[in-house]
Each structure stands twice: as structure tokens, then as C-alpha cells.
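The values are calculated or read from the model by the stated rules, or taken from the named source; none is laboratory data. Because the structure is a prediction, the values reported are computed rather than measured. Glycine gets a Cβ as well: all are built from the backbone with ideal geometry, and neighbour counts include every protein chain shown.
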């Protein structure tokens, strides 16, 4: 019997988690955003076992988030560079950082998001590109997309819709 993975599910959250849900993967992407590209850099930063790092880098390349590029022929060596798909993960990573700072730093904030020009702290928020409104209220909800199956359409139709002013699920 074939085991169904997240990638087989029609849910975009499940499919995204299949690619980046393993915590080493997210930390590798974090380091790639800070400019690291080489195996040795990732290993030194993370303290990860070489076999695990190899597996995670291969998975990120296979998912199209990193691109493997040779930088030495003898010995053969590669660097790992963010792709456009990988660069699109940056807002997710920054949102995780802000959420982690808000809820899981009893010792105080160790990393902040700041304006690169002014140094002023920034607090990221997800906004609708069209209206510029924050997507953190009951003004926004989930709806089936054009490719949604009948089961998903029924499930979304049954779910409780929040009252005005209540947070969305």
C-alpha cells in the first residue's frame, strides 16, 4: 500500500509543508537568506550531521527552492543558491521570526527585523496586495478555488464563519 504524502493532498498548506516543513530545511533557508551558499557554511552554522544536511539540501533542490551550482571541479564542490521559488519563502520566514519573537522568547528578542536604512524595528503583517488591508481579521476567509474538489467545497461551506471583529481560523 502506497503511503500518501502531504504533496499528494490538494491542500496548499500541506504541499508547502512537504517541501519546507522539516525544521532543518527552514533553518537552511534562513541561512541561505543570510548569504550562506556552501555545504561547510551550513554545517558550521547549524551543527547538523553531514548526512542529514546532504538529505535536506537535496530535498530543497528537488523542491525547486535551491539550485545546486558547481564552484570547483577538483575536488568537485557545489554551492546552493536560492531560486525565485526559494526567494518567495522570505516573507514566510520573516513572519515566523516575528511570531517566534512575540510568543517564544522568554529571555528576550535575539534577532529583530529592522528597516535597513533607518534601523527602526519592523513588525511584519500580511496584507492583501490589491487593497493593502491586513489579512488578520474576519474580513478575510477561506473559499474554494477553481481547482477545488467537491469534498473541499463541502468542507469549506460547513465551516463556521467568524463574526465581525473575530479572528479568522
- (1) within 22 Å of the chain's Cα centre (by Cα); (2) farther than 27 Å from residue 101 by Cβ; (3) in contact (Cβ under 8 Å) with a residue 24 or more places away in the chain: which one isn't true of residue 126, the others all being true? (2)
- Query: In this structure, does residue 45 turn out to be under 17 Å from the mean Cα position of the chain (by Cα), modelled with pLDDT of 95 or more and more than 21 Å from residue 17 (Cα to Cα)?
  - Reply: no
- Task: Determine whether the range 30-39 contains at least one residue that is in contact (Cβ under 8 Å) with a residue 24 or more places away in the chain, touching a strand residue (DSSP E or B) at 6+ places or on another chain (Cβ under 9 Å) and closer than 30 Å to residue 148 by Cβ.
- Result: no
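Matching residues to (1) part of a strand (DSSP E or B); (2) within 28 Å of residue 140 (Cβ to Cβ); (3) in contact (Cβ under 8 Å) with a residue 24 or more places away in the chain:
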position	(1), (2), (3)
44	no, no, no
52	no, no, yes
79	yes, no, yes
91	no, yes, yes
100	no, yes, no
109	no, no, no
112	no, yes, no
- Message: Testing residue 59 on (1) without any contact (Cβ under 8 Å) to a residue 40 or more places away in the chain; (2) out of contact with any strand residue (DSSP E or B) (no Cβ under 9 Å at 6 or more places or on another chain), one condition comes back false. Which one is that?
- Response: (1)
- In the list 117, 68, 74, 56, which residue meets the criterion of being loosely packed, with under 14 Cβ neighbours inside 10 Å and within 21 Å of the chain's Cα centre (by Cα)? 68
- Pairs only if they're at least six apart or on different chains, beta carbon under 6 angstrom, first in the range 65-77 and at positive phi and in contact (Cβ under 8 Å) with a residue 40 or more places away in the chain, second surrounded by 12 or more Cβ atoms within 10 Å (Cβ to Cβ) and part of a strand (DSSP E or B); list them, first residue then second. none
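Kindly evaluate residue 124 against the criterion of being in contact with a helix residue (DSSP H, G or I) (Cβ under 6 Å, 6 or more places away or on another chain), within 29 Å of residue 41 (Cα to Cα) and in a loop (DSSP other than H, G, I, E, B).
Taking the combined requirement at face value, the residue satisfies it.
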